[in-house]
Amino acid sequence: HLLNPDVDQNIQAIQPLRRKVIARYFTEEERVSLARLLIKDIDRNAYQLHCENETCASALNASSTHGSNDEDLISCQFQFVPCPNNKCGVQISKKYAKEHDEECGYKVIPCPSGCEMGVARHDMHE
């Protein structure tokens, strides 16, 4: 990003095409399952990105709660929650939700010119 300030814009611009191509080959459930397996492999013993409790629903497939304890899921810091910002659509673990909110381009923040209007972060011009 340091060499090319337009990288973020380029990444955002290509996302719809990327999603369309990926959706052609993998269902949403398959993509989520593959992502979870990759995260577990990368985070094998550190447990910074996934729950170490194998029966926790957050450690299982998103649509499966077989063998899970509802109390574990409620208290699990890795339970997926939707981003509260309108139009964002990101699902993120409770553990990192605050960090995402601080960076989310869809978060409405006060206009820096003091006009008292709310403006989505990605619409701000520096």
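The values are calculated or read from the model by the stated rules, or taken from the named source; none is laboratory data. All figures in this text were calculated on a predicted structure; none of them were measured in a lab. All Cβ positions, glycine included, derive from the backbone under ideal geometry; neighbour counts span all protein chains shown. Protein only, heavy atoms only, side chains kept; ligands, DNA and RNA dropped before computing areas. Shrake-Rupley method; radii C 1.70, N 1.55, O 1.52, S 1.80 Å.
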Return the residues of segment 74-99 that are farther than 16 Å from Ile39 by Cβ and under 10 Å from the mean Cα position of the chain (by Cα); say none if nothing qualifies. Val81, Pro82, Cys83, Cys88, Gly89, Ala97
Mind checking which pairs have a first residue in segment 70-87 that is within 20 Å of Val119 (Cα to Cα) and a second that is open to solvent by 90 Å² or more (accessible area, probe 1.4 Å) and at pLDDT 90 or above, Cβ under 8 Å, 6 or more apart or different chains? Asn85/Val108; Asn86/Val108
What number of residues within segment 73-83 are surrounded by 12 or more Cβ atoms within 10 Å (Cβ to Cβ) and more than 16 Å from Gln48 (Cα to Cα)? 3
Out of curiosity, is Asp101 under 25 Å from Gln15 (Cβ atoms) and at pLDDT 80 or above? yes
Which of the residues that make up segment 1-56 are modelled with pLDDT of 80 or more, assigned to a loop (DSSP other than H, G, I, E, B) and not aromatic (Phe, Trp, Tyr)? Thr27
Considering only segment 95-126, state which residues are within 30 Å of Cys51 (Cα to Cα) and among the hydrophobic types (A, V, I, L, M, F, W, C). Ala97, Cys104
Looking at segment 86-117 only, could you name the residues that are surrounded by fewer than 10 Cβ atoms within 10 Å (Cβ to Cβ) and among the small types (Gly, Ala, Ser)? Gly89, Ser113, Gly114
Of all residues in segment 17-33 being open to solvent by less than 80 Å² (accessible area, probe 1.4 Å) and of a type outside the set (Gly, Ala, Ser), the one that is farthest from the chain's Cα centre (by Cα): Val21
